[in-house]
Amino acid sequence: MTWLITGGAGYIGAHVVRAMTEAGERAVVYDDLSTGIAGRVPDGVPLVVGSVLDGELLARTFAEHGVTGIVHLAGKKRVGESVERPLHYYRENVEGLRVLLEAAVAGGVAHVVFSSSASVYGMPATEGGLVTEDTPCLPMSPYGETKLAGEWLVRATGRAHGLSTASLRYFNVAGAAAPEFADTGVFNLVPMVFEKLTEGAAPRVFGDDYPTPDGTCVRDYIHVVDIAEAHVATARRLASAAPGTDLTLNIGRGEGVSVREMTDLINEVTGHDTPAEVTARRPGDPARVVASADRIAHELGWSAKHDVRDMITSAWAGWVRLHPEADRGRARA
Ligand code: WQD
């Protein structure tokens, strides 16, 4: 088996490459380096620099490397940006996937693992419960729409052409396997809180009047190393699955953590003592999104090993590597 890992130079993709190769799988990275970093690709793993919209390069890559499976992580992932630039998101995430699948079918690729997102659920009406894979999908942003459309495209292609496929719905990803693998973007809660603390400012809590125990939004945070392991388990399962098999799986911990709990724990783990300041709600935020992780446990025997403290500790080590002033400032305080 040789797996083409699109987006393998990105934050999550690089963790998947690392986990797959450590598990003995052969990997080839395909990345346009728009946000990916070539240095994240380990020695010995080929890196093909190109776009998923380039069907010819994909066809050549499949043939040259004898690709038998794809883990497709390449894509645009900023919810707010997708509202501003829907055409760009549909082109990269949906048309890019269509081109990839067309080349995959022509090239005889047998397995596809697709990187989806909890954003397909939108505002899940679970009333304090857990989101299962059967919870209705009503995405609230073009980003979430492109992920749901991607799932449909992957499933339909698998059924029509006899590929085995899986869509993995990531919940809130955080953490790093090592400092050099950390997320370099500042678009999610954990890095946004790190940034405020580094500036000596108060972290922001977007609303504390939600119908949750402490009034702040509740999410299911999952360590990127656990996410990567879930890909290994999925890839192995698909490799021996019947043609046309399709799995849709949540990747979460099944444990809700509030924004307030996160800001408190981040203060503690990073040695700060800067209470968060409550600001207005951010439009479109659901009060609570927590996975049921039962199906993936049942199907693949996978469950998360790392807790929120591990995520924050490892993410902070990566943050300090990129922002050395973060630790110096704290030492002076
Ligand atoms: C988490 C909570 C914020 C920053 C989105 C996508 C999802 C996935 C991850 C892509 C929310 C609150 C945040 C801050 C805050 N996307 N917050 N202060 O919105 O749950 O999920 O990103 O790959 O598909 O939908 O993640 O990290 O932005 O926010 O209070 O400074 O933290 O309001 O409740 P979200 P997030």
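The values are calculated or read from the model by the stated rules, or taken from the named source; none is laboratory data. Just so we're clear, the structure is a prediction, and the values are computed from it rather than from any experiment. Here the Cβ is made from the backbone with ideal geometry for all residues, glycine too, and neighbour counts use every protein chain on show. Surface accessibility is based on the protein's heavy atoms, side chains included, excluding ligands, DNA and RNA. Shrake-Rupley method; radii C 1.70, N 1.55, O 1.52, S 1.80 Å.
Side notes on the structure shown:
- Spin-label proximity, Arg321 to the stretch 144-175 - amide N less than 18 Å from point 7 Å beyond Cα toward beta carbon: 174-175
- Taking the 1.4 Å solvent-accessible surface of the stretch 1-147 as the whole, the part contributed by carbon and sulfur is 53%.
- Prolate/oblate/rounded label for the stretch 78-140 (Cα gyration tensor, a/c 1.5): oblate
- A dipole drawn for the chain from +1 and -1 charges on Cβ atoms has a positive end, and of Gly175, Gly144, Val193 the residue lying farthest that way is Gly144.
- Secondary structure note: in the chain, about 5% of the DSSP beta bridges are antiparallel.
- Candidate cross-link partners of Lys76 among the lysines, defined by an alpha-carbon separation under 18 Å and a same-chain spacing of 8 or more, comprise Lys147.
- Basic side chains Lys and Arg get +1 at the Cβ, acidic Asp and Glu get -1 at the Cβ, and with that the dipole of the chain about its Cα centre reaches some 360 debye.
- A simple rule links phi to the HN-Hα coupling: the Karplus curve 6.51 cos²θ - 1.76 cosθ + 1.60 with θ = phi - 60°, which for the stretch 301-318 gives x, 9, 8, 5, 10, 9, 9, 5, 4, 4, 4, 5, 4, 6, 5, 5, 4, x Hz, with x for Gly and Pro.
- Among Ser164, Ser303, the order of accessible area from largest down is Ser303, Ser164, computed with a 1.4 Å probe on protein heavy atoms.
- Residues whose placed amide H lies under 5 Å from that of Glu255, excluding near-sequence neighbours: Ala291
- Helix 142-161 and the longest principal axis of the Cα set of the chain meet at an angle near 30°.
- Shape call, the chain: gyration tensor on alpha carbons, a/c limit 1.5: prolate
- Normalised per residue, the accessible area of the chain is 43 Å², obtained with a 1.4 Å probe and no contribution from ligands, DNA or RNA.
- Distances between placed amide hydrogens fall under 5 Å for Ile222 paired with Asn172, Val173, Ala174, all partners being 5 or more residues away or on another chain.
- Where GluC sites (Glu not before Pro) fall in DSSP loop in the stretch 125-172, at most 10 other Cβ within 10 Å: Glu127
- Other-chain or far-sequence residues with amide H under 5 Å of Leu247's (modelled H): Thr165, Ala166, Ser167
- For Thr263, the shell of other residues with beta-carbons less than 13 Å away shows a net charge of -4, using +1 for Lys and Arg and -1 for Asp and Glu.
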